[in-house]
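Taking it in order: structure first as structure tokens, then the write-up.
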Amino acid sequence: MILNDYPWLLLPYQQLADGIIQNRAHHAFLIRYVQGSGEDELIYKLASRLLCQASVNLEPCLNCHSCQLFLSRHHPDFYVISNELGKPSIGIDQVRNISSKIYEKSQQGGNKVIWVKYAASMTEAAANALLKTLEEPPENTYFILSDEHNSNLLPTIRSRCFSYFLPIPTLEQSMEWVKKQHSQPYSDNELACALLLSENAPLSAVALLAPEKWQQRKTFCENLLKLLPENDYWFLADTFEHEQFVERVIWFCALLSDALKAKQRAGRFIVNRDQVPLVRLLATLSNEKINALYDLWLQARRQLLSVTGLNKDLIIYNVLAQSELINCQ
């Protein structure tokens, strides 16, 4: 919770915590973010300040019993609702279980904080159950709902919350921060590429630049260079674990987008700055083929992320076969 390690979070935290000091904090925060921009760190700090029973300043005191419990991750008045392992959504029973507890007196005699992670993944029944609590919140109870900026949350839920978008740092600020996190000798092009692939979210870029992960991306690009001239997308089937396919979709779609930019002579906006030969090769395809490939792979990603019970291998094999058909047209 030391936000000095994440300098771009200092102002957002101040803006959100200012209402706590003035005793006018909204009972429900909706925090939208680009994944990997420090959202968890900010929310933990905000929850810590809401639960602190001694501080009158922006910072939690870190010394009172409530702070000590929070630091040990055992605070009885801090509840987290999130997707259960292996399930794509938050169910109504999870919301009901928390709702039954928050109407009781807080165990530490202070505030209660409920954090709903990936709030848009609530089923409609779960969202409606939460809505009833948001409309008539218990005393000294605060809700923090969080999700990615492009997720869909019921308008009725949004209307009950104070909405806040967590800004990301500039590309230059992010590059300076990322350089300090890695001892690997990455070029500026590679650093910029990792950040742009991560929507300029610094923590996501650092994860992508981990040596093993960065090598996986380079290998994927090398394989594309081999298969494209032969139109042999099936070659990809054995080059990575299928659980990693969603990640490959993001990488491939970024390359396809770059190919369209190259065709429009907009090279300065290219994301994959370290893969210019591959981008140029993709740019030899027609606009229609590039757009068809983009739509095909993106649709597969949506299926894999949102639909349960589908055979993931079949989805992937279908994408590879359809990709070859598109290139044959």
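Read-outs throughout are calculated quantities, based only on the coordinates presented, and are distinct from any laboratory measurement. Fair warning: this is a prediction, and the values are worked out from it, not measured in the lab. Note: ideal-geometry Cβ built from the backbone for every residue, glycine included; neighbour counts use all protein chains shown.
For segment 3-165, taking the reciprocal of the average inverse distance between every pair of different Cα atoms yields a Kirkwood hydrodynamic radius of 16.1 Å. If only the Cβ of Lys and Arg carry +1 and only the Cβ of Asp and Glu carry -1, the dipole of the chain around its Cα centre is close to 460 debye.
Within a straight-line Cα-Cα reach of under 20 Å, residue 45 can be paired with the following lysines, leaving aside sequence neighbours fewer than 8 residues apart in one chain: 112, 117.
Of the residues 183, 89, 204, the one that moves most in a GNM of the chain with alpha-carbon contacts below 10 Å is 183. Relative intensity of the chain on a log10 scale, I(q)/I(0) at q = 0.16 Å⁻¹, equals -1.31, per a Debye sum over C-alpha point scatterers of equal strength in the absence of solvent. From helices alone, the chain scores -16000 deg cm²/dmol at 222 nm; the rule is -39500 (n - 2.57) for each run of n ≥ 4 DSSP H residues, then divide by the residue total. Rg over Rh for segment 82-164 works out to 0.95, using Cα positions for both radii and the Kirkwood form for Rh.
Of the GluC sites (Glu not before Pro) found in segment 73-128, the ones in coil according to DSSP and having at most 14 other Cβ atoms within 10 Å of their Cβ are 84, 104. Both radii are taken from the alpha-carbon atoms of segment 210-328; with Rh as the Kirkwood radius, Rg/Rh is 0.95.
Largest GNM mean-square fluctuation among 154, 208, 46, using the chain with Cα springs under 10 Å: 154. When Rg and Dmax are taken over the Cα atoms of segment 188-245, they come to 13.0, 37 Å. Computed from the Cβ-Cβ distance with R0 of 30 Å, the FRET efficiency linking residue 230 to residue 35 stands at 0.25.
The Rg/Rh ratio of segment 257-297, with Rg taken over Cα atoms and Rh as the Kirkwood radius over Cα pairs, comes to 0.95. In summary, the lysines within cross-link reach of residue 289, defined as a Cα separation below 28 angstrom excluding same-chain residues under 8 places away, comprise 218, 226, 261, 263, 312.
Need the C-alpha centroid separation for segment 221-280 versus segment 111-140, integer Å. Using only Cα atoms, the two centres lie 41 Å from each other. Considering every pair of different Cα atoms, what Kirkwood radius, in Å, is found for segment 34-89? Kirkwood radius, segment 34-89: 12.7 Å. The stretch between residue 123 and residue 218, if pulled fully straight at 0.36 nm per residue, gains 30.4 nm over its current Cα-Cα span. Tell me the GluC sites (Glu not before Pro) within segment 171-260 that lie in a loop according to DSSP and have at most 11 other beta-carbon atoms within 10 Å. For GluC sites (Glu not before Pro) across segment 171-260 that sit outside H, G, I, E and B with at most 11 neighbouring Cβ atoms in 10 Å, the list reads 241. Compared with the alpha-carbon gap, the fully stretched path from residue 305 to residue 4 is longer by 104.9 nm at 0.36 nm per residue.
Electrostatic tally near residue 106: other residues with Cβ closer than 14 Å to its Cβ, Lys and Arg +1, Asp and Glu -1, net 0.
Take every pair of alpha-carbon atoms less than 8 Å apart whose residues are at least six positions apart; their mean separation over the length of the chain yields a relative contact order of 16 percent.
For the chain, a Gaussian network of Cα nodes joined below 10 Å ranks 167, 137, 229 by mean-square fluctuation, and the top entry is 229. For trypsin sites (Lys or Arg not before Pro), the sites in segment 24-93 that DSSP calls loop and that have at most 11 other Cβ atoms within 10 Å are 24, 73. Length gained on full extension, residue 11 to residue 80, computed as 0.36 nm times the residue gap minus the Cα-Cα distance: 22.4 nm.
For residue 180, the aspartates and glutamates whose Cα comes closer than 12 Å to its Cα, not counting residues fewer than 8 places off in the same chain, are 5.
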